[in-house]
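The values are calculated or read from the model by the stated rules, or taken from the named source; none is laboratory data. Values in this document were obtained by computation on a predicted structure and should not be read as measured data. Cβ placement follows ideal geometry from the backbone for every residue including glycine, while neighbour counts extend to all protein chains displayed.
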């Protein structure tokens, strides 16, 4: 994976980064509805609903550089590509984690998602094999619930670890239909030291384009 050092010391965000990094909860959280009608209608037969939603979300993430920045022990780094760590439901009704390397080509990515999910379901315990990676984006789906907000579990302490805190969390909910249009809620949580509302708005603008 390729990454580039971010010169925070000379960045116009330096004071913002330092300010919010001192917070016990430095996260900016947004939830908005996204129209998914066209993408679901036009998806290839080999691609499932989960895979196309995950693909479109990750494609939008890659259009916002700030969502690809991570706080690491030796500074802030921006990755050229980031990888979804997503939840999958096992046959026993218990979820697990899976990781599929990003691929902009939809059907190739879908195959990776399927393989990653199948591998994760072979595990008897929580799959944390990739938990050390900084290039992840944590993604989950609640297909049973049309939510308007969501909070993600995070390690407790006086402040979250910088590496964990800088990994964006994304969740989408139940797909609903109204007047022949299908939509779903998409929630995004990111470190306010790295992103502002404008960056989150760019993500949702990109997401709307990806689903169009």
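Brief remarks on what is shown
- For the stretch 175-212, the set of residues classified as in a helix (DSSP H, G or I) and in contact with a helix residue (DSSP H, G or I) (Cβ under 9 Å, 6 or more places away or on another chain) consists of 199, 200, 202, 203, 204, 205, 206, 207, 208, 209, 210, 211, listed by residue number.
- Scanning the stretch 114-125 finds one or more residues that are touching a helix residue (DSSP H, G or I) at 6+ places or on another chain (Cβ under 8 Å) and modelled with pLDDT of 95 or more.
- Considering only residues in the stretch 163-184 that are surrounded by 19 or more Cβ atoms within 10 Å (Cβ to Cβ) and within 23 Å of residue 68 (Cβ to Cβ), the one that is modelled with the lowest pLDDT turns out to be 165.
- Any helices (runs of 4 or more DSSP H) falling wholly within the stretch 1-105 and containing at least 3 residues that are more than 22 Å from residue 138 (Cα to Cα), touching a helix residue (DSSP H, G or I) at 6+ places or on another chain (Cβ under 9 Å) and at pLDDT 95 or above: 37-42
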